[in-house]
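The values are calculated or read from the model by the stated rules, or taken from the named source; none is laboratory data. Remember, predicted model here, so these are calculated numbers, not experimental data. No Cβ is skipped: glycine too gets one built from the backbone with ideal geometry, and neighbour counts run over all protein chains shown.
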Amino acid sequence: MIKRNSIEILFSITFLAIFLFIAISFNKGIFFGIDFEVWEFITNIRNELLNKIIINFTHLGDSYFLFCLVAIVSIILIFKYGNYKEAIWLIITTLFGAAILNKLLKNYYARPRPFVDDLVTNLVDVTGYSFPSGHSMGSTIVYLSITYIIVDKVNNSNIRYIIYTFSIMLSIFICFSRVYLGVHYPTDVIVGYFLALSWVVMSGVVNNLLKDRGNNN
């Protein structure tokens with residue numbers, strides 16, 4: 001368990017370092033070239049059918065949907081399994097990471113949405129600041145936190161890998177949808193994704209340590 005926690009801490013620090021590097025660098029225009037290349041690619045693949053699909057798909061990362069999902073899972077953990085500790089862990093991890101931390105960072109960086117400066121055409125109307133992406137952070141934190149709880153109860157390693165892969169791909173597609181819709185810079189979703197990974201992994205380590213402490217007592 002100690003070795004596992006050490007590896008996970010290393011991953012968390014690495015993900016955090018990626019976030020910090022981009023967060024410190026984006027105002028210097030280092031990544032603008034990448035942003036515009038991505039938008040150029042997206043502009044070329046946009047079509048009416050794909051637009052409708054992605055506009056509907058991105059709702060899987062909406063705050064109200066994620067809130068309902070966390071509430072449902074927490075209720076199941078409490079009333080079906082009597083697992084108050086994991087329910088509390090899930091609520092705290094998602095509330096502070098997906099909501100409070102993201103809001104604080106958005107207000108700190110105060111980066112306007114790309115369509116405000118006519119850098120890209122947006123397909124949906126949104127308000128608020130752009131950096132980091134709330135959908136990217138929220139969906140990654142919520143889906144991976146729930147996955148963490150699920151796989152902890154699965155003994156088959158292959159099934160665990162499948163569940164984790166599905167959850168990771170789902171959050172990545174939600175990240176992509178925000179760029180496709182023209183409401184975020186690619187760097188917004190990249191930093192949101194890696195910060196969310198760092199947050200979930202470190203939160204999982206803390207949960208493991210609390211479990212070990214409880215078992216020892």
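How do the pairs read when you match residues in the range 30-43 that are more than 18 Å from residue 118 (Cβ to Cβ) and among the aliphatic types (A, V, I, L, M) with residues anywhere that are surrounded by 17 or more Cβ atoms within 10 Å (Cβ to Cβ) and modelled with pLDDT of 80 or more, using Cβ under 8 Å and keeping only pairs 6 or more apart or on different chains?
34/186; 34/187
Which condition breaks for residue 100 when tested against (1) surrounded by fewer than 17 Cβ atoms within 10 Å (Cβ to Cβ); (2) at negative phi; (3) not in a helix (DSSP H, G or I)?
Here residue 100 meets the rest and fails (3).
Of the numbered conditions (1) out of contact with any helix residue (DSSP H, G or I) (no Cβ under 7 Å at 6 or more places or on another chain); (2) within 22 Å of residue 21 (Cα to Cα); (3) at pLDDT below 90, residue 105 satisfies every one except a single condition; which is it?
(3)
With respect to the numbered conditions (1) under 28 Å from residue 20 (Cβ atoms); (2) touching a residue at least 40 places away in the same chain (Cβ under 8 Å); (3) not aliphatic (A, V, I, L, M), which one is the sole condition not fulfilled by residue 121?
Among (1) under 28 Å from residue 20 (Cβ atoms); (2) touching a residue at least 40 places away in the same chain (Cβ under 8 Å); (3) not aliphatic (A, V, I, L, M), residue 121 violates only (1).
Taking into account only those residues within the range 51-76 that are touching a residue at least 24 places away in the same chain (Cβ under 8 Å) and among the aliphatic types (A, V, I, L, M), which is farthest from residue 193 (Cα to Cα)? Walk me through how you get there before you give the answer.
To start, the set of residues in the range 51-76 that are touching a residue at least 24 places away in the same chain (Cβ under 8 Å) comprises 51, 54-55, 57-58, 60-63, 66, 69-70, 73.
Among the residues that remain, those that are also among the aliphatic types (A, V, I, L, M) are: 54-55, 60, 66, 69-70, 73.
Numbers: 54: 18, 55: 20, 60: 15, 66: 16, 69: 19, 70: 19, 73: 22 Å.
Applying the filter and picking the extreme gives 73.
Taking the range 130-187, which residues are among the basic types (Lys, Arg), crowded, with 18+ Cβ neighbours inside 10 Å and not in a helix (DSSP H, G or I)?
Scanning the range 130-187 gives no hits.
Using beta carbons and a limit of 7 Å, which pairs, at least six apart or on different chains, have the first residue in the range 179-191 and more than 14 Å from residue 127 (Cα to Cα) and the second one among the charged types (D, E, K, R)?
185/35; 186/35; 187/35; 189/178
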